[in-house]
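Engineer: Structure incoming, see below.
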Amino acid sequence: MRNKVPQVTLAFWLIKIAATTLGETGGDAVSMGLKLGYAVSTAIFFGFFLVTAAAQIGGKKFHPFLYWAVIVATTTVGTTTSDYLTRTAGLGYLWSSIILFASVLTVLAIWYFSLGSVNVNRITDRKSESFYWLTILCSNTLGTALGDCLADTSGFGYEGGALVFGGALALLAAAYFFTNISHVLLFWAAFILTRPLGATLGDLLTKPLSHGGLNLGQFSSTAVLAVFMIILILVTARKSEGDSGAEEEPA
């Protein structure tokens, strides 16, 4: 099979941040807005994840909307799962973050020792892709706990938390361009950190003014983010098709 994940470009990271922000607003809209609770919402979103991931893994080539649907599924189920662990199960932000971080490292270790690489440019078989999506599911759940931990318990608030995670991503970008640090390591570090950035941005958009948010509404924020994502996906998909066509033209 061809590589079934998109090329990692600036557009990729913009869509990823939008997806993680949408995961926060969408997860909260179902669990709190519709008052379904964290457990029921997690079951709903996990079912959506299983369906989309099965379709993605079962395919033989890259489909941008299907790929990003799975990403959104991991961010929404990550939001409600993290909230269940930290609040309903009573583990709190710190212990939930530690447990989830250990789960990410465990999946990556098993993936590496099974296939010899965790490079996302080599997702060309179903086994590596299964590890890829399991890692993303764990990392997006971890990111929710990290975002809430920094914003709610450190005194930074949602805006401050977003600035901290945004600054950390800027440092990773600098390391990518100006150091010899493994690009695979930097990718996964950035992938994990985009989730708490999205979590704090989502809370900043939707939480009441009295809690440091902008009170823009969970459903309306989710809809705007979804439209933004669709536009970016369409633009990048059209550009990719244009680049492919140019490459196929005879010299």
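The values are calculated or read from the model by the stated rules, or taken from the named source; none is laboratory data. Keep in mind that this is a model prediction, so the values were computed, not measured. Methodologically, a virtual Cβ is constructed for each residue, glycine included, from the backbone with ideal geometry; neighbour enumeration extends over all protein chains shown.
Engineer: Restricting to region 73-127, count the residues that are in contact with a Leu (Cβ under 9 Å, 6 or more places away or on another chain) and outside any helix (DSSP H, G or I).
Structural biologist: 3
Engineer: Condition test on Phe177, is it touching a Pro at 6+ places or on another chain (Cβ under 8 Å) and without any contact (Cβ under 8 Å) to a residue 60 or more places away in the chain?
Structural biologist: The answer is no for Phe177.
Engineer: Would you please name the residue that is nearest to Asp148 (Cα to Cα), looking only at residues in region 56-72 that are over 10 Å from the mean Cα position of the chain (by Cα), of a type in the set (A, V, I, L, M, F, W, C) and assigned to a helix (DSSP H, G or I)?
Structural biologist: Ala69
Engineer: What is the residue count in region 1-32 for residues that are surrounded by 16 or more Cβ atoms within 10 Å (Cβ to Cβ), more than 14 Å from Val77 (Cβ to Cβ) and charged (D, E, K, R)?
Structural biologist: 2
Engineer: Tell me whether region 70-90 contains one or more residues that are without any contact (Cβ under 8 Å) to a residue 40 or more places away in the chain and farther than 30 Å from Ala237 by Cα.
Structural biologist: Scanning region 70-90 turns up at least one residue that is without any contact (Cβ under 8 Å) to a residue 40 or more places away in the chain and farther than 30 Å from Ala237 by Cα.
Engineer: Residue check, Lys35 against (1) surrounded by fewer than 15 Cβ atoms within 10 Å (Cβ to Cβ); (2) within 16 Å of the chain's Cα centre (by Cα), all met but one. Which one?
Structural biologist: Every listed condition holds for Lys35 apart from (2).
Engineer: Just name the residue that is nearest to Lys60 (Cα to Cα) out of those in region 134-165 that are surrounded by fewer than 23 Cβ atoms within 10 Å (Cβ to Cβ) and hydrophobic (A, V, I, L, M, F, W, C).
Structural biologist: It comes out as Leu134.
Engineer: Name the single residue, out of those in region 52-75 being of a type outside the set (A, V, I, L, M) and under 13 Å from Ile15 (Cα atoms), that is surrounded by the fewest Cβ atoms within 10 Å (Cβ to Cβ).
Structural biologist: Restricting to residues being of a type outside the set (A, V, I, L, M) and under 13 Å from Ile15 (Cα atoms), the top hit is Phe65.
Engineer: Only residues in region 193-222 that are farther than 22 Å from Val77 by Cα and at pLDDT below 90 count as the first member; pair them with residues that are acidic (Asp, Glu) and surrounded by 17 or more Cβ atoms within 10 Å (Cβ to Cβ), Cβ under 9 angstrom, at least 6 apart or cross-chain, and list the lot.
Structural biologist: His211/Asp203; Gly212/Asp203; Gly213/Asp203
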